[in-house]
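Here is the structure we will look at, set down as structure tokens.
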Amino acid sequence: MFTQLRTRLSDVIRSAAAATMPGVALPEIVLDTPLHKDHGDLACNIALQLSKVMRRNPMEIAESLRAEITRQLEASPLKDRVAGIDVFRPGFVNIRLTPAAYHDVLADIFTRRETYGSTGFGHGKKVLVEFVSANPTGPLTVAHARQAAVGDVLVNVLNFTGHQAEREFYVNDGGNQIRTLGLSVQLRARELKGAQIEFPEDCYQGDYIRDMAATFIAQRHFDSLDAVNACAYEDFCTFAKDYLMGVIREDLRIFRVKFDHWSFESEVSSQEKIAAVLEGLRQKGFIYEQDGALWFKSTLFGDDKDRVVKKSDGFYTYLAPDIVYHKYKYDRGFDLLVDILGPDHHGYIPRIKAAAQALGKDVKALEGLIIQLATIFRDGKQLRMSTRAGEFITLREVALEVGTDAARYFMLMRQVNQPLEFDIDLARKQASDNPVFYIQYAHARCHSVIRKAREEASLVPASQFDLLTDEAEIELIKKMAQLPDYLNICAEQLDPFTLTRYMQELAAAYHKFYDRCRIIDAGMDTALSAQRLALVDAARIVFANGLRLLGISSPEKM
């Protein structure tokens, strides 16, 4: 409903501009929230835009618009929703709304309830978000945790803003890494049965490899080194891959991430399919042979150099199956493909976009998001990690130590292109300086007030809101009215960070209202109590919707 009000006000501004400047091509009318609280509720920069076209002082244009907008509102049904029109330098036309305009927001919340905040921003656009996609060579780390949180919440937000978004995990179960994994487990199994092993540096390190070897020995009932040696190498590879896929799936379950699709490299990008796609590119003139290797002419599409897709030893590079995989994604009919990648993949994006163009696909339909690393702190000290040495902090360890709610939220507290510092001690705190606790406590507080009103005063929320005029009440409603805008920003920027900021701002507005405005008190006007209780109930709905999008629980008691 607030969105409709803003649209109708935009129409009034356009009508006023057409009346005062006939024949002038008008830009899109955009109403934003002013940067300064005392500058009203909505701000329009049309005068600044028109000043460049008309070569007039923007303040003069703004003043003439103010007069005409005021005149038109006098004869408009919107009259009781607008308190006044102001002009601010360097040429903004700002609108002050009446409390009644915000009372409409509460009506909208109670009408839409679980769908409040949803928008049609995406117009049904089909989106495939691929994220995590870790090699099944070890448990998920905190680096994967940030990608998992971003990808999962992004899909939630995209679907809530009118897109048709799906999650995909691409399993890199082909290539040399699986062979190396199988060798690592085989060597540790031989070692456990008494063999003297000099463990290669390029094999996977860490205690988890030894644990896997022990599990494999137990499953196969190997009672000697000879029994281990007699086992086919491929069996070690298959066991290790399947075992770690089970670990990864359980890690994701704990983190509350459920994928719509699991695509396997061994199926999607088989040797035969790679050969067929590369042959198609060769026939188009985009593949050539040099020094016994096959090269992709990625420089034709903006890459800084051509890329090897098949080495002189006959093995494909990682780029070859990835080209086939992206063709597979395009062919499934999505309007937008989003690849969520780690910080070591900056050079990967132009190569894949070059491949998309070579395949005849729309490169604008492919977005690569680089997610910066998360650094873990405990007791004020950074925890060191080395993947090569098998020393790393897993997603599961963090989720179990601080709780999945805090783990997910903290992974979203910075924009995706910024490094993130994860303070384990803060994430565990049950205090207001922990943002997750702060937000969840606000939601629980809403439930507490509603229970108390029902049990102690037999009070139910009102359906009228005309008595809600206190500054703290209006500021809380204003913040609730902004949820659709914040979600559209998240969808447009493909970054859920803005939602976490919004939820903290909403909690701050609620706690301020709670501290300032009595809700249930002896001798208090019953009508005002009922209307304030309605405001609490509306806040409860908005908190629950935001927390649900974040994949975080909404406790009713804390």
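The values are calculated or read from the model by the stated rules, or taken from the named source; none is laboratory data. Predicted, not measured: the structure shown is a model, and the values here were computed from it. Neighbour counts run over all protein chains shown; Cβ positions are idealised from the backbone, glycine included.
Just wondering, is there one or more residues in the stretch 11-21 that are of a type in the set (S, T, N, Q), modelled with pLDDT of 90 or more and either part of a loop (DSSP other than H, G, I, E, B) or in contact with a His (Cβ under 9 Å, 6 or more places away or on another chain) (or both)? Before you say what the answer is, go through the steps one by one.
The initial filter retains those residues of the stretch 11-21 that are of a type in the set (S, T, N, Q), namely 15, 20.
Now restrict to residues that are modelled with pLDDT of 90 or more: 15, 20.
Those still in the list that are either part of a loop (DSSP other than H, G, I, E, B) or in contact with a His (Cβ under 9 Å, 6 or more places away or on another chain) (or both) too: none.
No, there is no match, as no residue in the stretch 11-21 is of a type in the set (S, T, N, Q), modelled with pLDDT of 90 or more and either part of a loop (DSSP other than H, G, I, E, B) or in contact with a His (Cβ under 9 Å, 6 or more places away or on another chain) (or both).
Picking from residues in the stretch 70-117 that are in contact (Cβ under 8 Å) with a residue 60 or more places away in the chain and of a type in the set (Gly, Ala, Ser), the one that is nearest to residue 462 (Cα to Cα) is 107. Is it true that residue 3 is surrounded by fewer than 17 Cβ atoms within 10 Å (Cβ to Cβ) and in contact with a Pro (Cβ under 7 Å, 6 or more places away or on another chain)? Here the answer is yes, as residue 3 does meet what is asked.
Could you tell me whether the stretch 45-61 includes any residue that is touching a Phe, Trp or Tyr at 6+ places or on another chain (Cβ under 8 Å) and outside any helix (DSSP H, G or I)? The answer is yes; a qualifying residue exists. Test residue 460 against the criterion of being farther than 27 Å from residue 397 by Cα, among the β-branched types (Val, Ile, Thr) and either surrounded by 14 or more Cβ atoms within 10 Å (Cβ to Cβ) or outside the structural domain of residue 519 (by TED's automatic domain parsing) (or both), and give yes or no. Here the answer is no, as residue 460 does not meet what is asked.
Restricting attention to the stretch 74-107, the residues being under 28 Å from residue 16 (Cα atoms) and assigned to a helix (DSSP H, G or I) number 13.
Name the residue, out of 324, 338, 309, that is under 23 Å from the mean Cα position of the chain (by Cα) and β-branched (Val, Ile, Thr).
Values: 324 fails: under 23 Å from the mean Cα position of the chain (by Cα); 309 fails: under 23 Å from the mean Cα position of the chain (by Cα).
Exactly one residue qualifies, and that residue is 338.
Do we have any residue at all in the stretch 174-197 that's assigned to a strand (DSSP E or B) and either of a type in the set (S, T, N, Q) or under 20 Å from the mean Cα position of the chain (by Cα) (or both)? Within the stretch 174-197, not a single residue is assigned to a strand (DSSP E or B) and either of a type in the set (S, T, N, Q) or under 20 Å from the mean Cα position of the chain (by Cα) (or both). From the list 355, 406, the lone residue that is under 30 Å from residue 125 (Cβ atoms) and in a helix (DSSP H, G or I) is 355.
Here residue 291 fulfils each of the conditions (1) free of Cβ contacts under 8 Å to residues at least 40 places away in the same chain; (2) not assigned by TED's automatic domain parsing to the domain that holds residue 134 apart from (2). Number of residues in the stretch 16-32 that are closer than 20 Å to residue 2 by Cα and surrounded by 15 or more Cβ atoms within 10 Å (Cβ to Cβ): the value is 2.
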